[in-house]
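Participant: This is the structure I have questions about; it appears just below.
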Amino acid sequence: MVSLADIPMDIAAVVSLALEGILYGFSVLMCLGTIWTFSYKRHMQDINRPIAVVATLLFVLSTAHMIVVIIHVEHGLVKYRDTFPGGPVAFFTDVTQDTFVIKNAIYNVQTLLGDGVVIYRCYVVWQSAWVIILPCMTWCGVAASGVCSVYYFSQASVAEIENFFASRIGHWVATFLAPTLATNALSTGLLAYRIWMNERKVSAIRTAKRRVPILRILIDAAVLYSAVLGSSIICFSLWSHGIYVMGDLTVPIVSITFYMVFIRIATSRNSQHYLSTVCRSVTETERRNLQRHPMQPLVHRLDNSKSSLGDILYPFPGR
């Protein structure tokens, strides 16, 4: 059995480009779905601008990363194939290449943006700055280690490049991955716990209809992102070249998790809005029937006094 660590860097670069291209295509489709969801049949003033800005930034960063990866692969396999000392394998191993440094910087910014969104959701639901202190501290650790890793990549010596995992630059990569996973786990855990506790206090009808879908949506997104981060940590622990592949795949996956949560919550909320409308109509009919037949009990009731967690996480001013 061949270890991932034995895969040449040129093959790893091609595999990374192909897989990222597929995921990028999915993220573009989901971005279009997100834009359609929060803009369809709404006036400009009704559009949730923070969501629009984040969705646009994620799309721009994913697109920029995809372009830089294509240029990086083209340089290694075509432009400098016969002129770079050591050939394509040495080129893709060289972390001081401008294209490698740029795509790593984009990856760091994308990660910070994705983690920041999760922390913001946690703050909105808890309505307390104290709760997010620890996630914010780990987020700052991610930012600091990301800046240092980009700097040391650009300044790496030949010895550090040849001994990547045991060198200073490898240590900064590990320092970046660990707090990233901790930030995601802490923020998602606090968010899911708060939603679960809030929804427990609601009626049985609402518990059955709303708590499970929202929790499942958040957990699905967290599991997807955590699986990618966990795979990156495993690859690093094994000194595997798969770390380069996983790093490139993380960028579109951050976008996908954001779009996935937004679209699924919006879709679930639209279904619940329709159900609430129907139930209110039925309740009004029963009220009129009760006036005509005072001895007949009213058995259906829907409490709409509380807003949906979907409205808190992703409010639509125009609704």
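Any read-out appearing in this document is the output of simple, stated calculations on the displayed coordinates, not a laboratory observation. Since the structure is predicted, the reported quantities are computational estimates derived from the model, not experimental observations. Neighbour counts run over all protein chains shown; Cβ positions are idealised from the backbone, glycine included.
Participant: Pulled fully out, how much extra length does the chain show between C148 and V89, if you take 0.36 nm times their separation in residues and subtract their Cα-Cα distance? Intermediate values should be presented prior to the final figure.
Facilitator: Working: separation 59, 0.36 × 59 = 21.24 nm, distance 2.52 nm.
That works out to 18.7 nm of additional length.
Participant: Another question, then. Can you tell me the length gained on complete extension of the stretch I71 to V53, counting 0.36 nm per residue apart and subtracting the Cα distance?
Facilitator: Computed gain between I71 and V53 is 3.8 nm.
Participant: Distance in nm between label sites at L19 and S237, each 7 Å beyond Cα in the beta-carbon direction?
Facilitator: Distance between the two pseudo-spin positions: 1.8 nm.
Participant: Rounded, prolate or oblate: which fits the range 42-189 when a ≥ b ≥ c are the square roots of the eigenvalues of the alpha-carbon gyration tensor, with rounded for a/c under 1.5 and prolate only if a/b beats b/c?
Facilitator: oblate
Participant: Given a Förster radius of 41 Å and the C-beta distance between I133 and L29 as r, what FRET efficiency does 1/(1 + (r/R0)^6) yield to the nearest 0.05?
Facilitator: So, using R0 = 41 Å, E works out to roughly 0.65.
Participant: Net charge near A129: determine it from the other residues with C-beta under 15 Å of the C-beta of A129, scoring Lys and Arg +1 and Asp and Glu -1. Each step should come with its number before you reach the end.
Facilitator: Working: positive: R121, R194; negative: none.
After counting each charged neighbour, the total is +2.
Participant: Follow-up question, since we're still on this one. Sort 129-137, 164-172 by packing, meaning the average of other beta carbons within 10 Å per residue, with the highest value first.
Facilitator: Answer by packing, highest mean first, reads 164-172, 129-137.
Participant: May I ask for the net charge around M260, where only other residues with Cβ less than 13 Å from the Cβ of M260 are counted and Lys, Arg are +1 while Asp, Glu are -1?
Facilitator: In short, +1.
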